[in-house]
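Written below as C-alpha cells is the structure these notes are about.
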Amino acid sequence: NETNDNRDFSFLLNTGADSKEIKVIQKQKDALTVTENAFSFDAFGGQFEIEVIANIDYDYIVDEAAAEWITPVPTKGLESTKVVFNVAMNKDIVNTRTATITVKSGDFIEAITVNQAEFVPEWEVSATEAWIGSDGGSCEFSFTANQNFEVIKPDVDWVKMTEKDGVYSFEIAPSTEY
C-alpha cells in the first residue's frame, strides 16, 4: 500500500446455508513530514510552530547544546500535530547560533534548522557633551537603547542628577575653585 491511509476490502464466504463476510485490511504506508524545516530569528528570539503531519507516533529532539535557548511550549490538547517552541534572546554580540530539532519515528526523520542572529546593541544619546559655565547650570540628556542600561552619576557632591521619562537632568553647582 503506497498511500498514507489504510485500505480494505471484503469478500463473502458462502457455504450454502450460511455465509460470512471476511474483511481484509492493509496498513497504510507510514508517513512523517513537517510543513516547514527552517526558521530564522533576530537576536531577540521569538516563537515558532512546527506542523507535523504523520500517521505514526513521533518524538522531537532539540539539540542538546540548544536546550537552554530553544524550549518547547506545552500544549493543552490531548493530541496535537503542532509543536511550538520559544527561542530565547541571544545576548551574544559576536556569535550567531544554529540548532537542529529532529522529529522522528523509527526510520522516519525530519530535521528543522533554527538560526538566530547575534545581538546588535543599539543606543542613542541626545548629546555627548555639554558646557556649563563657572556659575553653574543645568543640562539634559536623553537615552534610548535596545537593552537595559544604567546611568551612573559621578561621585561628586557638586552634581545632582534626576531622571524622568528617560530624560536625565544634571544640576551643576557653581564652581568654588576660582
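Touching a strand residue (DSSP E or B) at 6+ places or on another chain (Cβ under 8 Å) and in a loop (DSSP other than H, G, I, E, B): is that true of ASP30 in this structure? Yes; evaluated as a whole, the condition is true for this residue. Restricting the first member to region 158-178 and to residues that are basic (Lys, Arg), and the second to residues that are open to solvent by 60 Å² or more (accessible area, probe 1.4 Å), the beta-carbon pairs closer than 8 Å and six or more apart or on different chains are LYS160/GLU171. Of all residues in region 33-56, those satisfying the criterion of being touching a residue at least 24 places away in the same chain (Cβ under 8 Å), assigned to a loop (DSSP other than H, G, I, E, B) and more than 18 Å from ALA99 (Cβ to Cβ) are ASN55, ILE56.
Taken together, the residues in region 128-157 that are among the aliphatic types (A, V, I, L, M) and open to solvent by less than 40 Å² (accessible area, probe 1.4 Å) amount to 1. Within region 93-115, if we keep just the residues that are open to solvent by less than 60 Å² (accessible area, probe 1.4 Å) and over 28 Å from ASN55 (Cβ atoms), the residue that is farthest from the chain's Cα centre (by Cα) turns out to be ARG97.
Note on region 78-178: enclosed strands (runs of 3 or more DSSP E) holding 1 or more residues that are of a type in the set (Ser, Thr, Tyr) and more than 19 Å from ALA65 (Cβ to Cβ) are 97-105, 137-145, 159-164, 167-172.
The values are calculated or read from the model by the stated rules, or taken from the named source; none is laboratory data. Predicted model, so just to flag it, every value in this text is computed and none were measured. Note that each Cβ is placed from the backbone with ideal geometry, even for glycine, and that neighbours are counted across all protein chains shown. Ligands, DNA and RNA are excluded from the accessible area calculation, which covers all protein heavy atoms including side chains. Shrake-Rupley method; radii C 1.70, N 1.55, O 1.52, S 1.80 Å.
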